[in-house]
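The structure appears below as structure tokens.
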Amino acid sequence: MPFKTIIEPFRIHSTQAIKHIGEPQRQAALERAGYNLFGLHGDDVLIDLLTDSGTGAMSSKQWAAMMDGDESYAGSRSFYRFQEVVQGITGLEEVIPTHQGRAAERILFSTIVKPGQVVPNNTHFDTTRANIEYCGAEARDLVIPEGRIPSARHPFKGNMDVAALEETIHAVGRDRIPLVMVTVTNNSGGGQPVSLANLKAVRAVCDRAALPLFLDACRFAENAYFIKLREPEYADWSAKRIAQEMFRLADGCTMSAKKDGLANIGGFLALNDPVIAAQCRNLLILTEGFPTYGGMAGYDLEAVATGLEEVLDEDYLTYRVRSTAYLAEKAVAAGVPVVQPPGGHAVYLDSTALLPHIPPSQYPAQSLAVALYRIGGVRGVEIGSVMFGKPNPDGSETPAAMELVRLAIPRRTYTQSHVDYVGEVIAEVARRKADLRGYRIMQQAPWLRHFTAAFEPL
Ligand SMILES: Cc1ncc(COP(=O)(O)O)c(C=O)c1O
């Protein structure tokens, strides 16, 4: 084609107003929220890049399918459609609907993870880690070394360090490892993809040790598309075929349909082992609901089934990956280093590089996230020592491996001019970087503290 602009592959059918408030009002909102961006009222946020989870726009086909949702308590037609779509992509036999990803994690881990065990993953997402730790086990991150260096360029920075996985299995003993997980794409490590070659190598290690391999599959379609773009062997494969190949290598998956399910709520656990599936369903009935709806309404099952079909459309995936890279280019042009290459769903600003005057103990990424909101009304999220710092017995903290601010892009929601505006806000914050100060935590919960902690500027 003679045109270089990759357009949004949709036209807008209904709109939702957003409104500007000034910097003084935003400062007041921050004080009310204890400088925790999770504590803001949504109406006080202009461009909300807090998460790409459940925040996207649904298509007219999804809304239409919802109208046809079957709300039968047992045996809902919508469940059978959902099951068929999930099985068609994953090839996994047992499909267990849950209200979101963490419910699938909790049900799976409560069933197969025991205290004192170790679960390897490329990088655990916060809810995955917390659910494993809640079971008394250790969540161990084994991403390749490049995956921990924001500026290191590698096409598959989400890859598992296969040698480290083998060493872990050897050192821990296979009996103390209930499963191996791989997160696609690797959200906490910068939204970076995992190659099919790496998944095959991990599969081979799991086969040798007779260990089950599960995917944390929230962004499986974005991962599949990166494989198409970056792993030459698969350049001619469709995104769907690549996704099917990824799942063929796994014994099961947990899924938050709020991401690549293109829905506002929903998730599932899928696996091949019927015995474990039966145990999981027992727990499902106790905490989520009957197995043919789990934690979802019939109309949610329809929205997710349609979303899973739409997400593998390559016009959509081309636009998705390009619009994320476009924001990354804006940040770099503004002098703010980002995790390179940009991931699929988000741009990760490197606050260690931007704010060397704020030590990790004073949460530089929190400082940057707060400044983006105060100055421009843009809400991102800290992915650094607030989220992943480890308290030591002497009251100090071991900092996270990276101090990042994630700007996650809701699917099919913002236009190019919204992203241009965000680029300007980043540039303005970078100009004022010398004025930014660190933070102290005033109050925190025993786990997942980033959601509710209160801060004070230093
Ligand atoms: C990689 C990953 N795993 C699990 C989850 C948890 O999913 P949910 O928010 O639907 O519980 C998320 C959510 O952001 C995620 O990014």
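Out of the residues in the stretch 127-163 meeting the condition of being in contact (Cβ under 8 Å) with a residue 40 or more places away in the chain and touching a Leu at 6+ places or on another chain (Cβ under 6 Å), tell me which one is farthest from the ligand (Cβ to nearest atom). Ranking the candidates gives Met160 first. Inspection of the stretch 65-85 identifies no residue that is farther than 18 Å from Cys280 by Cα, in a loop (DSSP other than H, G, I, E, B) and under 25 Å from the mean Cα position of the chain (by Cα). Could you please find all residues in the stretch 55-64 being more than 24 Å from the chain's Cα centre (by Cα) and either assigned to a loop (DSSP other than H, G, I, E, B) or charged (D, E, K, R) (or both)? The one that is more than 24 Å from the chain's Cα centre (by Cα) and either assigned to a loop (DSSP other than H, G, I, E, B) or charged (D, E, K, R) (or both): Lys61. Scanning the stretch 404-422 for residues that are in contact (Cβ under 8 Å) with a residue 12 or more places away in the chain and open to solvent by 10 Å² or more (accessible area, probe 1.4 Å) turns up Arg406, Ile409, Arg412, Thr413, Tyr414, Thr415, Gln416, His418, Val419, Asp420, Tyr421. Take the stretch 226-278 and flag every residue that is within 16 Å of the ligand (Cβ to nearest atom), charged (D, E, K, R) and within 16 Å of Val182 (Cβ to Cβ). If the condition is that a residue be within 16 Å of the ligand (Cβ to nearest atom), charged (D, E, K, R) and within 16 Å of Val182 (Cβ to Cβ), then Lys259, Asp260 are the ones that fit. Scanning the stretch 346-357 turns up one or more residues that are under 21 Å from Ala257 (Cα atoms), modelled with pLDDT of 95 or more and open to solvent by less than 50 Å² (accessible area, probe 1.4 Å).
Considering every residue within the stretch 114-121, establish whether at least one is modelled with pLDDT of 95 or more, touching a Leu at 6+ places or on another chain (Cβ under 9 Å), within 12 Å of the ligand (Cβ to nearest atom) and part of a loop (DSSP other than H, G, I, E, B). Within the stretch 114-121, none of the residues are modelled with pLDDT of 95 or more, touching a Leu at 6+ places or on another chain (Cβ under 9 Å), within 12 Å of the ligand (Cβ to nearest atom) and part of a loop (DSSP other than H, G, I, E, B).
The values are calculated or read from the model by the stated rules, or taken from the named source; none is laboratory data. Everything quoted here is computed from the prediction, not taken from an experiment. So basically every Cβ, Gly included, is an ideal-geometry build from the backbone, and we count neighbours across all protein chains shown. Accessible surface is based on the protein model in full, side chains and every heavy atom, while ligands, DNA and RNA are left aside. Shrake-Rupley method; radii C 1.70, N 1.55, O 1.52, S 1.80 Å.
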